[in-house]
1. Hey, what number do you get for the chain at 222 nm if only DSSP H runs of n ≥ 4 count, each worth -39500 (n - 2.57), divided across all residues, to the nearest 500?
2. Among 89-99, 70-80, how do they line up by average Cβ neighbours within 10 Å per residue, starting with the highest?
3. What distance in nm separates the two pseudo spin-label positions at A141 and S42, each 7 Å out from Cα along the beta-carbon direction?
4. Once you place label points 7 Å from the Cα toward the Cβ at D65 and A237, how far apart are they in nm?
5. Measure out, as a whole number of angstrom, how far apart the alpha-carbon centroids of region 242-262 and region 32-96 sit.
6. Between 0 and 90 degrees, rounded to the nearest ten: what's the tilt of helix 40-50 against the longest Cα principal axis of the chain?
7. Express in nm, to one decimal, how much length is gained between A200 and D158 on full extension, taking 0.36 nm for each residue of separation and deducting their alpha carbon distance.
8. If you take the square roots of the eigenvalues of the alpha-carbon gyration tensor of region 141-197 and sort them as a ≥ b ≥ c, do you get rounded (a/c under 1.5), prolate (a/b over b/c) or oblate?
Amino acid sequence: MAQALPTLNLIGAGRVGQTLAHLWTRHGVLQVQDVLTRSPDSARAALDFIAPDAPTARAVAHIPDMRPADIWLLAVPDAQIAACAQDLARHAGPRGDAPALAFHCSGAQSAELLMPLRDMGWSLASAHPVLSFASAQTAVAQFAGTPCALEGDAAACDTLRPLFTAIGGACFGVRSQDKVLYHAAAVLGTNFAPVLQALAEEAWRASGMPDALVLRLRERLLRNAVDNIVALGPQKALTGPAARGDHAAIARQADVVAAWDPQAAAAYRALSDLALRMAGHATEPPQA
Ligand SMILES: NC(=O)c1ccc[n+]([C@@H]2O[C@H](COP(=O)([O-])OP(=O)(O)OC[C@H]3O[C@@H](n4cnc5c(N)ncnc54)[C@H](OP(=O)(O)O)[C@@H]3O)[C@@H](O)[C@H]2O)c1
């Protein structure tokens, strides 16, 4: 007889919850059981995407409606995780659920956010897939090869590692005390690129560049920068006045940016200082 798959309950089934549960269903890794979101309609829609044919899966409206499960994924927004864990503990505890595994997918928060469940003997983890989940449909197609940061109880990480590996995740460990800095690094590495690009495009338009040219500059420069960073590493990929140690050019440009947008100038100056430090030109050369 085929062995029953471990069961998975989902609290929160947006982009990340739907993606992971869909992949675990499709790969025959976990059996999705109960799905809870903020409304029965969205829970049903999520379930339609995750496992439309699963006979025992259910969209539910309240935590007490959820059956005991082997694994609980709390894929709600970060600010909701602690309250959901508290609610779950309030209901699963008195009901006498066998100790289960609970995890969330926040990059910045540790497994300690699920603490109320540890008092019931559950094992806890966080599993952060380093992917921009624009939608569940796109993420399902993009997931293979995604690095996944595991943190928390050793037993929970040992259980989650093969589950993520089975759907194409590339797992690595991060210590609980390092999670905030680890996530800040991901923010530095990805989230600021669109911000800087938007500023650059505003500045190009303000300097008279037509839209079509701005789009061409966007594509050429961004691709060029990514290719160079990947091929050479960030230090060797740095070009521009900071790479040349041209303090005078930086100061001149910063003044012009300040007249255009003072907030952008503060960023320009701070980033130029970091670029000069990286290029080994942090101190201005003595005047001849
Ligand atoms: N998006 C990313 O790129 C990404 C990447 C890595 C990790 N993460 C992490 O993954 C987690 C989920 O993010 P997401 O992007 O998937 O969020 P999302 O798309 O906004 O989905 C959140 C889900 O939680 C439900 N929800 C919200 N409050 C709830 C509550 N109190 N009780 C029950 N369900 C509730 C929502 O219900 P409705 O469907 O009814 O709105 C929705 O199904 C977060 O910890 C996030 O940091 C996100």
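What follows draws every value from the coordinates through simple rules; no lab data is involved. Bear in mind that the values here come from a model prediction, so they are computed numbers and not experimental data. Because the Cβ atoms are built from the backbone with ideal geometry, glycine has one as well, and the counts that use them run over all protein chains shown.
1. So the helix-based figure for the chain works out to -16000 deg cm²/dmol.
2. 70-80, 89-99
3. 2.4 nm
4. Reported label-point gap for D65 and A237 is 4.8 nm.
5. One Cα centre to the other: 53 Å.
6. In the chain, helix 40-50 runs at an angle near 80 degrees to the longest axis.
7. 10.6 nm
8. Numbers: a/c = 4.72, a/b = 1.44, b/c = 3.28.
Here region 141-197 falls in the oblate category.
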